[in-house]
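Working notes, structure below.
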Amino acid sequence: MDVYLNRTLELGQKLPYGACDFKLPVSHHRYHLGNPSRVGASFPVKLKAAVYCGETEVLNIVAEVLPSTKAQELGYLFKYQAALAADEPDRILAYMGSNPQAEPVGELTFQSMGAYLVDQDAQVAFEHQRRGIATAMYQQAEALTGKQFLSRVGDVLTLDGAAFWGNPDRPFGVDALYSQPRRLLWINLADLMAAPLKELPKVVFDADRFTRSASGQRCIEMTNNGGGPRLGLQEARIRGLVARGQEGKVESFVNDPHAAPKLMRSVLCAEQPPQLALSNPRGLPDATISPPLAVLNEDSREEVLHFIGRHLHALAELHALEILHPQLRVLSRQQQVHRERGDPENLSHALDVRRTQAISVMTDMLEKEAEFHASRM
């Protein structure tokens, strides 16, 4: 299933109605998007291409929503058995290990009904339940037939069946999140994350460092002198800090244990020094602040650097994709003045340059931190 991450340069159609100037492959990494229906949940996508139409000045990033791979990662294999007669169902069988002659640990029976599939029965051996086998069997059936299951939500089912079909995040069925690209049309490039939400490092600011910084002192002066107390305290609040003092005077800032965590989602490598892009607990970008690494506390800084090390190339790709906007504006001007079609080679070269620069910047961050730790030993 393809979805479109809409990136509109000027007013235009969601999908270009004219002939596309080019289609450019953009990244082979797996990225993640926050699930708008569940706090803290996300699902994986793979970017396939950037498709640009100069006639509408609209760029679409084509992405594929990836299925769950929990069962496959645990070593389960799946086999399709076509029906021998018209009145018999097709089957998906699940096996543990690579021996298809062994007894199956799961079985899904289903039939086609016009453009859809209808499941008849799904069974998974008790000791193999809660491992994503049933979900994987439904996905295998849809992938092999090119059809989708009709939803069973609202039908009379067993408790387990009702919970299974009632899951809003199930990756199959006609009303599933994965089957409704219209719910993803307005996702921006800035919404992409290099890892699932649960793996993003929590950013905690160094309260003492902020108190001593020029920003912190400005907040204290603004608050104590009555020159804008709300504005002064707001700068601290967006960092998860609260004011402390005596007799109505602010003296310092401390971390607020009740503040919602901010999550580090990517690195803005074009900044000097590099800035961290943050998100809220739902995975949506938080544009209120982009802090440098140095203002985090020691544990948070170390967690961020470990994350950068694990996802270095995926983060570099995210940074490189930001060049699409200015480069396409250049192409648009060329097309209007010289009536030239866009050249994907120029854009591909710009992506490579930006990607290399990002890897260099983040590698330098990791090396400097390693040298700092070595100097303290």
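Protection proxy ranking, highest mean first, for peptides 146-152, 275-281: 275-281, 146-152, where packing is the per-residue count of other beta-carbon atoms within 10 Å, averaged. Accessible area per residue for region 231-377 is 56 Å², calculated with a 1.4 Å probe on protein heavy atoms, without ligands, DNA or RNA. Modelled spin labels at K202 and Q234, positioned 7 Å past Cα toward Cβ, are 2.7 nm from each other. Per residue, the average separation of C-alpha pairs within less than 8 Å and at least 6 apart gives region 270-352 a relative contact order of 18 percent. Between L74 and R130, the simple label model (points 7 Å from Cα in the Cβ direction) yields a spacing of 1.0 nm. H306 exposes around 110 Å² of accessible area when a 1.4 Å probe is run over every protein chain in place. Through the Karplus equation 6.51 cos²θ - 1.76 cosθ + 1.60, θ set to phi - 60°, convert the phi angles of region 212-224 into ³J(HN,Hα) values in whole Hz; use x for Gly and Pro. Once θ is set to phi - 60°, the couplings for region 212-224 become 7, 6, 4, 5, x, 5, 5, 4, 5, 5, 4, 6, 6 Hz.
Normalising the average separation of contacting C-alpha pairs (under 8 angstrom, six or more residues apart) by the number of residues puts the relative contact order of region 188-346 at 24 percent. Each peptide among 19-28, 363-372 gets the average number of other Cβ atoms lying within 10 Å of its residues, and from highest to lowest they stand as 19-28, 363-372. Between E302 and E345, residue separation times 0.36 nm minus the direct Cα-Cα distance comes to 11.6 nm. Taking the Kirkwood radius as Rh and the Cα radius of gyration as Rg, region 93-156 has a ratio of Rg/Rh equal to 0.99. Pairs from the table (K46/K70; K46/K368; K198/K368; K147/K198; K48/K79; K70/K198) lying more than 21 angstrom apart at Cα are K46/K368; K198/K368; K147/K198; K48/K79.
The values are calculated or read from the model by the stated rules, or taken from the named source; none is laboratory data. Everything numeric here is computed off the predicted structure, so don't read it as measured data. Neighbour counts run over all protein chains shown; Cβ positions are idealised from the backbone, glycine included. These accessible areas exclude ligands, DNA and RNA; they are computed on the full protein's heavy atoms, side chains included. Shrake-Rupley method; radii C 1.70, N 1.55, O 1.52, S 1.80 Å.
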